[in-house]
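Everything on this sheet refers to the single structure shown next.
The values are calculated or read from the model by the stated rules, or taken from the named source; none is laboratory data. All of these numbers come straight from a predicted model, not from anything done at the bench. Note that each Cβ is placed from the backbone with ideal geometry, even for glycine, and that neighbours are counted across all protein chains shown. Please note that ligands, DNA and RNA were not included when accessible areas were found on the heavy atoms of the full protein model with its side chains. Shrake-Rupley method; radii C 1.70, N 1.55, O 1.52, S 1.80 Å.
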Amino acid sequence: MKPYKIMIGLLTVLTFTGCTKDFGDINTNPNNPSVTRPEYHLTEAITQTAYAYAENGFARRPAALGRYITLIRNNDYELFRWTAVDWSDIYQRAMIVKTMQKEAADMKQPAYVAAGKVLMAFNIAYLTDLYGDVPYSKALQSVENGNIKPTYDKQEDIYGSLLNLLKEANAELKNNGAGIDTKADAMFAGDALKWRKLANSLRLRMLLRCSKNYPAAWTEMQTILNNKADYPVMESNADNAEVGYLGVKKDDSWAGGPLNMIDNDFQKTKASKELVDALLSRNDPRLELWIAPVSSTEGATIDKNKYVGIPHAYTNPGDYNGGEAHQSTLSSFFRQNKPATYKASLMLYAEVCFIIAEAIQSGKVTMAGTTAEDMYNSGIRSSMEYYGVQAEAQQRKYYEQSIVKYNGTLEQLITQKWIAMTFRGAEGWFDFRRTGYPAFVVGPMAFQKTFPVRYAWPMTEQDVNLDNYHAAIKVFGADDINTKMWYLR
């Protein structure tokens with residue numbers, strides 16, 4: 001696959017002329033207009049971004065590295081036997097956003113341009129979070145100038161640009177946020193304030209992620225937290241940036257539902273021991289919602305619990321604990337094409353709570369009338385409420401347990417955030433590689449003793465963009481899954 005030819009050459013407009021006065025009108029197909037409107041591309045950009053991000057968190061490397069599922073067969077992901085990963089799908093989504101923004105600018109609809117900045121920042125941030133240095137400033141330009149061999153940008157420059165893009169989007173939506181079609185906006189139904197909250201919440205995510213090596217990170221976070229009017233952030237689950245599943249075909253169905261999980265995939269995908277054990281040790285009501293009990297406890301050879309997760313990179317994992325009858329899969333909650341209460345998300349309020357809690361706990365920022373403990377507890381509660389188990393959590397005295405009650409440690413905070421982020425993109429893996437928590441186990445059969453920290457650049461880059469690929473290696477370092485990107489160094 002040639003990614004740059006695919007990701008950039010999306011629109012070709014043919015113009016015909018002739019001597020017949022009504023030729024253009026007669027030969028125009030009203031069902032296939034030569035000029036499209038930004039609202040059509042907004043729907044496409046939102047849904048494709050949300051569905052792809054959610055699918056990555058369930059069926060790809062991030063799910064295995066985030067320790068949410070254990071692959072019994074075809075388990076190269078958790079054995080760390082990784083090959084290069086294609087990135088054309090992310091660039092395709094970015095091109096859809098760029099096309100929407102051009103249409104909106106031509107039609108003088110600034111709200112779509114601003115919303116596009118949020119979606120562009122989300123997609124490119126995810127791209128650089130996965131790979132490190134990537135083509136950015138010179139990418140997506142083949143239509144304009146024929147450039148199909150863009151140079152790579154340094155991650156620190158990309159982050160600076162995207163943080164500014166989100167800041168611009170917030171200001172533009174504040175001043176010119178009206179006009180987004182409610183039906184076209186599958187995420188916020190045209191609510192400009194919610195788009196602003198997402199823009200600023202994403203800034204908090206990115207600032208925390210790069211805070212180790214970006215000197216202005218804490219100052220910029222403080223500016224956001226000090227001024228709710230100018231920089232609103234998510235305040236409840238009502239602000240969640242998410243899209244429901246239609247459940248009609250594979251592309252619009254949850255990745256764990258029957259339309260996407262074929263043949264023996266349900267048995268291949270087991271619940272992770274690390275996730276199950278974490279839920280069990282906290283008497284967490286999300287356990288019974290997410291995880292299916294074993295078929296039988298009789299004959300179990302290692303773990304006679306009702307819920308049994310499978311270790312990662314384990315010798316003969318299909319035989320663990322006496323076989324599949326004694327292993328937990330994910331529950332029916334996740335085995336639906338259109339889950340009733342579970343949606344594809346870009347960001348949840350719970351994550352924002354944990355981000356702010358960590359920032360305050362670090363001593364680098366403050367928030368009027370709020371403590372790290374307050375935000376930590378809000379993060380847990382919002383997750384429980386999202387899944388409809390808050391009343392059960394209270395009945396079990398969940399928050400009073402010593403393992404749950406706030407103790408001011410990063411390990412406790414990140415572990416609760418990790419649980420709340422189950423199947424949410426790559427957030428579990430990204431937090432682990434940044435903080436070392438939760439203290440995941442590599443597994444005895446893994447090809448290396450440490451977790452990968454990035455994707456290797458696509459093999460196609462060596463076919464279509466070799467000179468820039470080599471130039472990027474000189475700046476970034478080896479194209480290896482263990483080479484740390486800028487903000488991890």
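Tabulated results
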read-out	value
The chain - percent relative contact order, Cα under 8 Å, separation 6 or more	21 percent
Label-point separation in nm, M459 to N176, each point 7 Å along Cα→Cβ	4.6 nm
Tensor-based shape of region 274-336 (alpha-carbon gyration tensor, a/c under 1.5 rounded, otherwise prolate or oblate)	prolate
Inter-site label distance for D480 and R73 at 7 Å from Cα along Cβ, in nm	3.4 nm
FRET efficiency for S402 and K304, using Cβ-Cβ distance with R0 set to 22 Å, rounded to 0.05	0.30
Carbon and sulfur %, accessible surface of region 195-241 computed with the full protein complex present, 1.4 Å	51 percent
Within the accessible area of region 249-323 (1.4 Å probe), percent carbon and sulfur	47 percent
Whole-angstrom gap from region 140-195 to region 115-136, using each part's C-alpha centre	10 Å
Using a Förster distance of 35 Å, the FRET efficiency for A189-L410 (Cβ separation, nearest 0.05)	0.40
Region 386-477: chymotrypsin sites (Phe, Trp or Tyr not before Pro) in DSSP loop, at most 14 other beta carbons within 10 Å	F447
Other-chain or far-sequence residues with amide H under 5 Å of N147's (modelled H)	S142
Label-to-label distance, nm, for residues given as S236 and H470 (7 Å Cα→Cβ offset)	5.9 nm
Label corresponding to mean projected area of the Cα convex hull in nm² when calculated from the structure given, among [x] 23.6; [y] 25.1; [z] 35.5	[y]
Packing rank of 273-284, 298-309, where each peptide gets the mean count of other beta carbons within 10 Å, highest leading	273-284, 298-309
Centre separation in Å (Cα based) which lies between region 458-482 and region 324-382	36 Å
Accessible surface, region 121-257, averaged per residue in Å² (probe 1.4 Å)	39 Å²
Net length gained if the chain between Y40 and S88 were fully extended (0.36 nm per residue, minus Cα distance)	15.1 nm
Accessible surface, region 341-380, averaged per residue in Å² (probe 1.4 Å)	31 Å²
Of the trypsin sites (Lys or Arg not before Pro) in region 390-434, those whose Cβ has at most 14 other Cβ within 10 Å and which sit in DSSP loop	K397, K405
The chain: DSSP helices with Cα axial extent of at least 24 Å and average Kyte-Doolittle hydropathy no lower than -1.0	38-59, 88-106, 110-131, 155-176, 192-209
